[in-house]
Amino acid sequence: MTHMHVAGALHADATTPAPVWLTRPEDVNSLTAKLWSETVKRDENGVITVGGLRLTDLAEQVGTPAYVIDEVDFRSRARDWREAFAGWTVYYAGKSFLCGTIVRWAAEEDLNLDVCSLGELTVALRAGFDPARIGMHGNNKSEAELRLALEHGVGRIIVDSSDEISRLERLCAELDTTARVMIRVTTGVEAHTHEYIATAHEDQKFGFSIAGGQALVGLFRCHHSPRLQLLGVHSHIGSQIFDTNGFEVAARRTLKLFSQFKEATGLELAELDLGGGFGIAYTKEDTPATPDELARGLRDIVEHECRGFGLNPPAISIEPGRAIVGPSGLALYRVGTVKPVDVGNGMNRRYISVDGGMSDNIRPALYAAEYSAALASRSSAAEPVVSRVVGLHCEGGDILVRDEFLPGDVAIGDLIAVPAAGAYSRSMASNYNHTPRPPVVSVRDGKVRTMLRRETLDDLLALDAGLSENEEPNG
Ligand SMILES: Cc1ncc(COP(=O)(O)O)c(C=O)c1O
């Protein structure tokens, strides 16, 4: 939420000041490595290329807006996480972005998979992912979801409420099977971007409270159930986390729960999941830790806390989503209008309207998330100007990139690329204003492959029973 900072010094006459965190680039054409996927660069003509393909050519082939995933980058990030956390299990959090191709890549890179809806589970199963390596989340899992998970022998179901325990026991009895379960706990640690807030009372919908005693009761219930095989405890503390402080508090509270369970039953729980939420760079000021640094920190924390409680270290898993697919993806838009807007005191703001918007990336409107942008179709010798990249929707809050230095000559027809758009963009996209959702394509060795095709107006119209061609006699 960096845009809440007060305005800083003027950077260019007649334009609005940049926010204090946004520094004027020495070269507006340079690409800050941490924001972009591994293969991104500018070619000799100044055009941004991904996986050896010019974004101008890609736009010709698939149109705009489009999400572009750098396959080499996804795979190498997946490998980095798995290697840094060797000995632990890494579940790719499918909610960040999931489709058949991603499921296959995750399997090929030896990741496990975390899903949290009937749809995500169905995609994973249809793409042939080993059900034993799937973890199933959700605070209100339907019977259909649980049934599908049980029928396919999903590796673990992370139960979120006592109602779910009852539902699961009933379904297991009906199907004459057992379920492998973890208890999702609320540790009272709510991690935000740069800080964590420890709350005594956890006022949110997920999990069993440790402080309130429900977590221990839930563990006992699962432990005594003939239909449930209790694996351990799951804790997820938030998103865009940049350090291990929040994880330390969460691990301490969770492992204390392990020791209380041991005291009561004489048994040690076998598994602990520390969740996802590892931060990435959306702007130059974000400084995410590397998987190696995080792995070192988390290993130390777990060892230290286990020693303190006299426990054998359990099998540990984590669930990164954004940190794997986020930086691998960019969103590509075409500029439709450029409008200097008078904001008072003789200053104006450059509004650059593109052919997408809040329907393909809701995060700025929903969370005040910050993004960066670059002119992709050419380099420019023009002065950098503080600009705002906005969408085509009928909302004042339809902002894609609130503040960015872009060349002062950005014009109609130019391409704008927004990096770090691989996670929670397409997966949270909507059809607001009857807007078909953009395609997701992967690029590798100069070749584009469709991961999800572009939605068409016909796709949307086909849902509308009020249109004459779709009318059915009985509604
Ligand atoms: C339980 C759980 N695990 C993993 C994740 C993935 O988080 P991220 O994509 O930020 O790593 C989430 C995100 O909300 C989550 O709720």
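The values are calculated or read from the model by the stated rules, or taken from the named source; none is laboratory data. The structure presented is a predicted model; accordingly, all values stated were derived computationally and were not measured. Quick reminder, even Gly has a Cβ in these numbers, built from the backbone with ideal geometry, and neighbours come from all protein chains shown. Please note that ligands, DNA and RNA were not included when accessible areas were found on the heavy atoms of the full protein model with its side chains. Shrake-Rupley method; radii C 1.70, N 1.55, O 1.52, S 1.80 Å.
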Problem - Sequence-distant lysines (8 or more away, or on other chains) whose Cα lies within less than 27 Å of Lys256 - result: Lys205
Exercise for the section: Figure the gain on full extension for Cys394 and Asp27 (residue separation times 0.36 nm, minus the Cα-Cα span) and round it to one decimal in nm. Expected result: 128.7 nm
Practice task
Express in nm, to one decimal, how much length is gained between Ala173 and Arg296 on full extension, taking 0.36 nm for each residue of separation and deducting their alpha carbon distance.
Solution key: 40.0 nm
Problem - Carbon/sulfur fraction of accessible area - the range 53-103, other protein chains in place, 1.4 Å, % - result: 40 percent
Fill in the blank from the handout: The FRET efficiency for Arg79 and Ser468, from their Cβ-Cβ distance with R0 = 60 Å and rounded to 0.05, is 0.65
Handout entry: Order of exposure, largest accessible area first, which applies to Glu60, Glu370, Glu248 with probe 1.4 Å
Key = Glu60, Glu248, Glu370
Handout entry: the chain, relative contact order [Cα under 8 Å, separation at least 6], %
Key = 20 percent
Handout entry: Set of lysines with alpha-carbon distance to Lys41 below 19 Å, sequence-local pairs under 8 removed
Key = Lys284, Lys447
Practice task
Specify the inter-centroid distance of the range 54-74 and the range 440-473, based on alpha-carbon positions, in whole Å.
Solution key: 18 Å
Handout entry: Relative contact order %, the range 233-378, counting alpha carbon pairs below 8 Å whose residues are six or more apart
Key = 23 percent
Fill in the blank from the handout: Honestly the range 339-427 on the Cα gyration tensor test (a ≥ b ≥ c root eigenvalues; a/c under 1.5 rounded, otherwise a/b vs b/c for prolate or oblate) is just oblate
Exercise for the section: Using a Förster distance of 30 angstrom, determine the FRET efficiency expected from the C-beta separation of Tyr351 and Gln61, and round it to 0.05. Expected result: 0.55
Problem - Total charge dipole magnitude, the chain, about the Cα centre, Cβ charges on Lys, Arg, Asp, Glu only, Debye to nearest 20 - result: 540 debye
Practice task
Please report how far the C-alpha centroid of the range 362-417 lies from that of the range 209-241, rounded to the nearest whole angstrom.
Solution key: 44 Å
Practice task
Write down Rg/Rh for the chain, rounded to two decimals, with Rg from the C-alpha atoms and Rh from the Kirkwood relation over Cα pairs.
Solution key: 1.00
Handout entry: Cα-based Rg and Dmax for the range 192-322, where Dmax is the largest Cα-Cα distance (Å)
Key = 15.5, 53
Practice task
Work from the charge dipole of the range 322-463 (Cβ charges, +1 for Lys and Arg, -1 for Asp and Glu, about the Cα centre) and give the residue of Ala365, His393, Leu461 farthest towards its positive end.
Solution key: Leu461
Fill in the blank from the handout: Two pseudo-spin positions, 7 Å from Cα along C-beta at Lys339 and at Ala381, lie apart in nanometres by 3.2 nm
Handout entry: Arg349 accessible area, 1.4 Å probe, all protein chains in place, Å² to nearest 10
Key = 40 Å²
Exercise for the section: Once you have the Cα-Cα distance between Arg104 and Asn139, take 0.36 nm times their residue separation minus that, and quote the gain in nm to one decimal. Expected result: 9.9 nm
Handout entry: Pair Ala411, Asn45: separation of 7 Å Cα→Cβ label points (nm)
Key = 1.6 nm
Completion exercise
Between Ile237 and residues 5 or more places away or on another chain, the pairs with built amide H atoms under 5 Å apart involve Gly276
Exercise for the section: Please give the calculated 222 nm ellipticity per residue for the chain, where each DSSP H segment of at least 4 residues contributes -39500 (n - 2.57) and the sum is spread over every residue; nearest 500 deg cm²/dmol? Expected result: -8000 deg cm²/dmol
Fill in the blank from the handout: Quick calc, the range 321-373, dipole around Cα centre from Cβ unit charges on Lys, Arg (+) and Asp, Glu (-), nearest 20 debye, gives 60 debye
Completion exercise
Computed over the range 384-475, the distribution of all Cα-Cα distances in 10 Å bins, rounded to whole %, is 12, 32, 33, 17, 6, 1
